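Contents: one structure, followed by commentary.
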Amino acid sequence: MKGETKEARFKRIAEKRVQRVLDSIRSLSNCSNRRMYKWNNEQLKRIWDAIDKELKICKASFEESITEEFRL
């Protein structure tokens, strides 16, 4: 949006993206219905490992974006 501040743009975009992530997680939860699906512990481990890995990468990208100014 023209004239939008960086903070306002972040809030607008981040809210939509977080909502999309939450909706996807809720959708994944539907796979827990044992009457409709069958899975094993190895499959669950791979799913949670993949999600954990991406979440750690995302968190790190925010932490690394705060750089300290170098001084001698």
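The values are calculated or read from the model by the stated rules, or taken from the named source; none is laboratory data. Note that the structure is a prediction, hence the values are computed from the model and not measured. Quick reminder, even Gly has a Cβ in these numbers, built from the backbone with ideal geometry, and neighbours come from all protein chains shown.
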For the stretch 50-70, how many residues meet the condition of being of a type in the set (Asp, Glu) and part of a helix (DSSP H, G or I)? 4
Residues of the stretch 36-65 being over 22 Å from Arg26 (Cβ atoms), of a type outside the set (A, V, I, L, M, F, W, C) and either in contact with a His (Cβ under 9 Å, 6 or more places away or on another chain) or at pLDDT below 95 (or both), in sequence order, are Ser61, Glu63, Glu64, Ser65
Being among the basic types (Lys, Arg), free of Cβ contacts under 8 Å to residues at least 12 places away in the same chain and surrounded by 10 or more Cβ atoms within 10 Å (Cβ to Cβ) narrows Lys38, Lys6, Lys2, Lys53 down to just Lys53
Exactly one of Ser29, Ser24 is of a type in the set (Gly, Ala, Ser), in a helix (DSSP H, G or I), surrounded by 10 or more Cβ atoms within 10 Å (Cβ to Cβ) and modelled with pLDDT of 95 or more, and that one is Ser24
